[in-house]
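To start, the structure itself, in structure tokens.
The values are calculated or read from the model by the stated rules, or taken from the named source; none is laboratory data. All figures in this text were calculated on a predicted structure; none of them were measured in a lab. In this analysis, Cβ positions are derived from the backbone assuming ideal geometry, glycine residues included, and neighbour counts consider all displayed protein chains. All accessible areas refer to the heavy atoms of the entire protein, side chains included, with ligands and DNA or RNA removed. Shrake-Rupley method; radii C 1.70, N 1.55, O 1.52, S 1.80 Å.
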Amino acid sequence: MEMVKVTVDNQQVEVPKGSTILEAAKKVGIKIPTLCYHEDLDVKAMCRICVVEVVGARTLQAACSQPVSDGMVIITNSPAVRRARKINLELLLSNHPQDCLNCVRNQRCELQSLADQLGVQQQRFRPKTKTKSPRDESTAALIRDPEKCILCRRCVEVCHQVQSVGAISPANRGIDTEIAPAGGVDLNDVACVQCGQCSLVCPVGAIYEQDHTERVWSALADSSKHVVVQTAPAIRVSIGEEFGLEPGQVSTGKLVAALRRLGFARVFDTDFTADLTIIEEGHELLERLNKGGTLPMITSCSPGWIKFIEHFYPEYLAHLSTCKSPQQMFGALAKTYYAEKTGIDPKDIYVVSIMPCTAKKYECGRPEMTDSGYADVDAALTTRELAKMIRLAGIDFASLPEEEYDAPLGISTGAAVIFGASGGVMEAALRTVYEVVTEETLASVDFKAVRGLEGIKEAEVDLKGTKVKVAVANGLGNARKLMDLIKEGKADYQFIEIMCCPGGCIGGGGQPIPTTNAIREKRIKAIYDADLGLPLRKSHENPAVKTLYEEFLKKPLGEKSHHLLHTDYTKRGKYPEAANR
Amino acid sequence: MTIYRSHVLVCGGTPCVLKGARTLKDLLLKEIERYQLSDEIRVVETGCLGPCDDGPVLIVYPEGAMYSKLKPTDILKIVEHHLLKGRIVEELVFRERKSSAGALQGSAVPLEQEKYLSLQKRVVLRNCGRINPDSIDEYIANNGYLALGQAVTTLTSDQVVKIVADSKLQGRGGAGFPTGLKWSFTAKTTSDQKYIICNADEGEPGTFKDRLIMEGDPHGIIEGMAIAGYAVGASQGIIYIRGEYGLSIERMKNAIKQATDYGLLGKKILGTEFNFEIDVRSGAGAYVCGEETALIESLEGNRGEPRVKPPFPGIAGLWGKPTIVNNVETLANIAPIILNGPEWFRSIGTENCPGTKVFTMLGDINNQGLVEVPMGITLREIVYEVGGGIPGGRGFKMAQTGGTSGGCLPSEFLDMPMDYDTLSKVGSALGSGAMLIIDDTHCIVDVLKSFMKFFCHESCGKCTPCREGTTRLYEIVLALSEGTATDTEIQLLKELSGAMQLSALCGLGQSAPNSLLTCLNFFADEFQAHLNGQCPSGICKNLTIESEAV
């Protein structure tokens, strides 16, 4: 690698050619303040907070975008630099509501931290007089607040470049610029998949999830309600970050303990229905393979992905597995099987799910998700919302003991845990399908080819002579690539796993902020650590699932399964006003 | 070929057309026919003749008599007396006006001897107002396409780049970047496709030179683009014309068609291996799209916003390909430079800034309109000689050079040479060549209010300092004019202006405070007066005039 020598604040440093000033400064221990910059997204260099002096240049340069050149002399802390940074920050603050105390991001706000760091102590510009568009609460999952928006466009970048959805873009010009759905309509009236990746990258409180905590507190306080909770596989490897633990730690036991202390009657695990999904979906795949059904079959666990295909590839809905997501299978069973088993009237059962996801809020409100006769899932909290509840209850998360999930809906295997990472559903399915088809025990259950952050992964499995070619995509931009291959007739896969969010659920839109690719890697590692630590690692070995079939469902793809665990989809199209409602 | 005894050149520039030049031309033709003079007198619609404010204008040759401010009855007189009887209609002849009296003076000297023209040097406007812009034959008859022919048949691409570099031609769009250097970067790149973009998105208030150059001599631009294409290895040219410029679009399209029909554009130009085609695209009226990367975004169908540089367009521009973006006036200079050589070009203007500059003069000045003068001419010469001084003999207060993004220069700079280097040293800019003259009846705060309002309106909204800063600049200037500004706000105004100049993403935000900062510097007393609740000019409504306050 070609190296160049530069001087940053009188310190000589050698960095690879093409490095930015930001990177070079970091190497000598200087953290240049940034705002619109995000390590996983394209550089926009718009906020002008990271400006520095480059000797010989007429103007200040944005450290995030300016590549260094050999012999460059950089000053990151001159009076001109400090003045410009501060003025630019004051400009942003002057057009931003001064009500931090009432903000969802209070004390977790990049703008607030910068104001502190850059020493802003008074508002020198006049109070703003112009109002922006009203808050948009039209979608089930997300709230947009244009007043809070500082126009860094990270959300636009993630929505267009990473997710290839393009639901929001800059509208109007100059001081009237807002980030909004095109044509001045509500978010619910465009093809937004409600994945919430925008809320993960937002530095302030301009996009965030619909709050379900209040309804959960109410249910918990209602003595007539039997409130059960399910936790998605990806929560156990991320919740700790909300309480200062290093990313990549597995906090399953503490998570269970915290939920129990919050007052949930039973603490169950979505992993149980993840195992169940594998049985149902595995059999569905085998049936399609044997009976000439629509192939490739594509997974259906990810509600953002489901909404994406409904909007952008509505003619390919037959490729989707008809299996509901584990969240919804859980809800349907909690209010039928579990109700029967415990003799509790299903109308009194209140199902809360803890999800790494904002789209789950949308999913549980879909009109078809009422097969139990009630709303199958009553509330879907993000990881962040759960953390908020734990903080409010004064629970010291880090010092909680490790506790176990409740039976029977809390029993699961390692195959279910890995649902939380991209490739996990595929790997879990292969573990089961292989053994069901070949009637042989797998020598190694690890299908490493489908693991990791890479956008599209492929593998081929030999099922005793039958070769099955599979693909895995994470992030909707990659999903689009796979769908286009299918469209062009160039995809010779039999089975595809698609997860809406980069990295899968561990990188979901409801996860702790920040969620970066570096943090995603750590959570992925934790997911596979958790899998390794479990005695059972194949879904078909889950004893509680076996009992479920014996006592209730009878057989995979049977009549009860069909009624409770499978669903169908809606063609929405790109301009969905009517279809979305 | 018919020999005509007289040629009547009717100005077909937009200002004159808007004032009814086309109707007058029809009347003229009808009258000429009525007197049965059609075989003796030829009427030609040309590009801009210069004195836009005095339009409609026409010139009768061989006498060189320019008639201005024409009405239909004047046409009848001109045909009857001048064209039929050979007597110049003295009372209609355009006169250089003097500021002292403010009235018409002087006798009917030939046009060329008027100061208005004698100080001008026409390189870019060589054909403007002399030929029919819709006729490629007239362009060719004036050495048109000779430079392209010489370049593609006798010079290598490198030699062409070198000639342009040796001429020291600087970009005429505003920033003054050396054209030859710009070309050399792109010439060195290897790519399956390169582009030459002619930036004709002229949006600087008070600037209309590019419009009049396109309307007056469209082939000059086409030839410049083709030579640029040959020099850097591009086969596709695009002219990005401001959408409001209907006549420019029409004339450019016509000229492209003619050049294509003649084989001067297209494949294997003049029998060589050089291919070059040109498309016309029109903008939708955003000022910022004059910034080259915003222009490219707009061409790609995106929101018109500047890109982060580097990479510069010369390396990765339109569709990621190496792209030269040159201003209309820059390209119009190319053919003469190739024909006459770099030494010739350097002999005009100043040592560091050779060549001519086309200015559009406007505001409180007698001869409003289009002029071309050598670089380095003084402000005084422009205002009082070429421009004919200030109406009513009023005092000169300041000149804003370079359009709304330029700085404001008070009278102590009247003897300063007008070129890129000198102007940037005093916080102003030669910019696009707009020259706004403001007399002593105006209030500086009031003038700045309209400048600042303009930037609020034209900021694209991408970067913080420009999006938020332009509004704040306006807010404080407005407060000054209303008597509600405070001392600390003036301090803040300076600090904000400095931060914008240093940290805005593109030239728009960087230059938005230029006029303000120069005025704060040169007219500090007037700002102080406003802080004290007084408007010395009596313009700002809420404030008192100084004398009354005492």
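Values as computed for the structure displayed
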read-out: The listed residue being out of contact with any Cys (no Cβ under 7 Å at 6 or more places or on another chain), without any contact (Cβ under 8 Å) to a residue 60 or more places away in the chain and closer than 22 Å to A:V545 by Cα, out of A:A265, A:A274; value: A:A265
read-out: Residue selected from region B:365-386 under the condition within 16 Å of B:L409 (Cβ to Cβ) and in contact with a Pro (Cβ under 9 Å, 6 or more places away or on another chain), by the criterion surrounded by the fewest Cβ atoms within 10 Å (Cβ to Cβ); value: B:T378
read-out: Of all residues in region A:44-57 being touching a Leu at 6+ places or on another chain (Cβ under 9 Å) and not in a strand (DSSP E or B), the one that is farthest from the other protein chains (Cβ to nearest Cβ); value: A:C50
read-out: Checklist (1) within 13 Å of another protein chain (Cβ to nearest Cβ); (2) surrounded by 20 or more Cβ atoms within 10 Å (Cβ to Cβ) applied to A:V8, failing item; value: (1)
read-out: Count - residues of region B:224-238 that are surrounded by 24 or more Cβ atoms within 10 Å (Cβ to Cβ) and either among the small types (G, A, S) or not assigned by TED's automatic domain parsing to the domain that holds B:R281 (or both); value: 7
read-out: Test: residue in region B:263-276 that is among the hydrophobic types (A, V, I, L, M, F, W, C), closer than 30 Å to A:R153 by Cα and buried (at least 19 other Cβ atoms within 10 Å of the Cβ); value: no
read-out: Filtered residues of region A:11-32 (kept if open to solvent by less than 20 Å² (accessible area, probe 1.4 Å) and within 13 Å of chain B (Cβ to nearest Cβ)); value: A:I21
read-out: Breaking point among (1) of a type in the set (D, E, K, R); (2) touching a Pro at 6+ places or on another chain (Cβ under 8 Å); (3) surrounded by 21 or more Cβ atoms within 10 Å (Cβ to Cβ), for A:E2; value: (3)
read-out: Condition met for B:V44 (surrounded by 15 or more Cβ atoms within 10 Å (Cβ to Cβ), in contact (Cβ under 8 Å) with a residue 40 or more places away in the chain and over 15 Å from B:L83 (Cα atoms)); value: no
read-out: Tally, over region A:33-43, of residues that are surrounded by fewer than 24 Cβ atoms within 10 Å (Cβ to Cβ) and within 14 Å of another protein chain (Cβ to nearest Cβ); value: 5
read-out: Filter result for A:V250 (outside any loop (DSSP other than H, G, I, E, B), of a type in the set (V, I, T) and on the phi < 0 side of the Ramachandran plot); value: no
read-out: Residue pairs meeting the criteria (Cβ under 7 Å; at least 6 apart or on separate chains; first at positive phi, in region A:184-204; second buried (at least 24 other Cβ atoms within 10 Å of the Cβ) and aliphatic (A, V, I, L, M)); value: A:Q194/A:A141; A:Q194/A:L142; A:Q194/A:A359; A:G196/A:A141; A:G196/A:L142; A:G196/A:A359
read-out: Spans of strands (runs of 3 or more DSSP E) in region A:116-199 with at least 2 residues within 14 Å of chain B (Cβ to nearest Cβ); value: A:169-171, A:178-180
read-out: Index of the failed condition, A:G240 passing every other in (1) open to solvent by 10 Å² or more (accessible area, probe 1.4 Å); (2) not in a loop (DSSP other than H, G, I, E, B); (3) not hydrophobic (A, V, I, L, M, F, W, C); value: (1)
read-out: Enumeration of residues in region A:200-225 that are in a loop (DSSP other than H, G, I, E, B) and within 15 Å of A:P356 (Cα to Cα); value: A:Q210, A:D211, A:H212
read-out: Residue count for region A:411-438, restricted to those that are part of a loop (DSSP other than H, G, I, E, B) and open to solvent by 10 Å² or more (accessible area, probe 1.4 Å); value: 2
read-out: Filtered residues of region B:445-457 (kept if more than 20 Å from B:Q534 (Cβ to Cβ), open to solvent by 20 Å² or more (accessible area, probe 1.4 Å) and either not aromatic (F, W, Y) or not assigned by TED's automatic domain parsing to the domain that holds B:A485 (or both)); value: B:S450, B:K453, B:C456, B:H457
read-out: Looking only at region B:490-539, and only at residues there that are assigned to a loop (DSSP other than H, G, I, E, B) and open to solvent by less than 10 Å² (accessible area, probe 1.4 Å), the one that is farthest from the other protein chains (Cβ to nearest Cβ); value: B:C535
read-out: In region A:68-94, the residues that are within 7 Å of chain B (Cβ to nearest Cβ) and surrounded by 21 or more Cβ atoms within 10 Å (Cβ to Cβ); value: A:A84, A:I87, A:N88, A:L91, A:L92
read-out: Any hit, region A:55-67, residues being in contact with a Gly (Cβ under 8 Å, 6 or more places away or on another chain) and open to solvent by 10 Å² or more (accessible area, probe 1.4 Å); value: yes
